[in-house]
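Beneath this line is the structure, given in structure tokens, with notes to follow.
The values are calculated or read from the model by the stated rules, or taken from the named source; none is laboratory data. Everything numeric here is computed off the predicted structure, so don't read it as measured data. All Cβ positions, even for glycine, are placed from backbone atoms using ideal geometry, and neighbour counts span all protein chains on display.
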Amino acid sequence: MILVHFFDRAWETSRFDAASRTAVAMFLENKAATTFAILFGVGCAIQLVRAQRRHDIGYVWRYVRRMLLIAAFGYLAMLGIGYNVLFGYAEWGLLLWVVRRWSVRSLASLVLAWSYLAVIGQHLWHTTWLSSLPATFMPSNTFTMLLIGVLAYRVGVFDRPREHTRLLAAAMVFGVF
């Protein structure tokens with residue numbers, strides 16, 4: 001984690017430093033952020049599915065409380081070291097409650113639509129006044145990755161990985177690039 005989060009603050013003094021910075025960004029930093037977001041989505045899906053199976057009506061408050069605690073810790077981390085990853089996980093994790101009962105097909109459609117909107121949102125973010133806001137509910141890749149984690153759990157990738165070898169192989173190949 002230290003390598004991934006603080007490598008960008010290292011000084012570049014040679015071509016080797018520049019090349020190593022590029023390699024870390026391509027092969028570690030971006031992969032780690034994606035992996036953690038997907039796994040956070042899986043964790044949320046596990047909690048939501050288990051609560052639904054138990055018909056646990058009071059779970060909504062525990063789930064919201066967990067997301068608020070993660071948001072608070074994320075906000076402190078944002079103030080302290082400048083990284084808002086946990087805050088983003090918490091704000092998008094709250095939205096997972098809304099889609100918790102959606103079908104796999106509906107979730108897959110949302111992933112595709114949200115991915116498209118995230119590209120547009122990134123463009124708007126960098127070209128408008130929105131970039132001055134500390135946090136926003138504009139479409140983001142974080143929510144896309146959380147949804148992919150939810151989808152992976154719902155279709156059984158983690159429970160029955162042997163049934164999903166093609167999907168896992170495709171994800172590994174896609175992940176290299």
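Listing for the model above:
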| read-out | value |
| --- | --- |
| Any hit, the range 43-50, residues being among the polar types (S, T, N, Q), within 14 Å of residue 153 (Cα to Cα) and surrounded by 15 or more Cβ atoms within 10 Å (Cβ to Cβ) | yes |
| Flag if residue 111 is surrounded by 15 or more Cβ atoms within 10 Å (Cβ to Cβ) and at pLDDT below 95 | yes |
| Selection within the range 71-101 - of a type outside the set (A, V, I, L, M, F, W, C), in a loop (DSSP other than H, G, I, E, B) and closer than 25 Å to residue 47 by Cα | 84, 100, 101 |
| Any chance residue 87 is touching a helix residue (DSSP H, G or I) at 6+ places or on another chain (Cβ under 7 Å), among the hydrophobic types (A, V, I, L, M, F, W, C), surrounded by 15 or more Cβ atoms within 10 Å (Cβ to Cβ) and in contact (Cβ under 8 Å) with a residue 24 or more places away in the chain | yes |
| Among residues of the range 20-31, those that are surrounded by 15 or more Cβ atoms within 10 Å (Cβ to Cβ) and within 28 Å of residue 154 (Cα to Cα), counted | 1 |
| Failed item in (1) of a type in the set (A, V, I, L, M, F, W, C); (2) under 16 Å from the mean Cα position of the chain (by Cα); (3) at pLDDT 90 or above, with residue 28 passing the rest | (3) |
| Only listed residue being in contact (Cβ under 8 Å) with a residue 24 or more places away in the chain and of a type outside the set (A, V, I, L, M, F, W, C), chosen from 93, 58 | 93 |
| Test: residue in the range 117-130 that is at pLDDT 70 or above, farther than 29 Å from residue 23 by Cβ and not small (Gly, Ala, Ser) | yes |
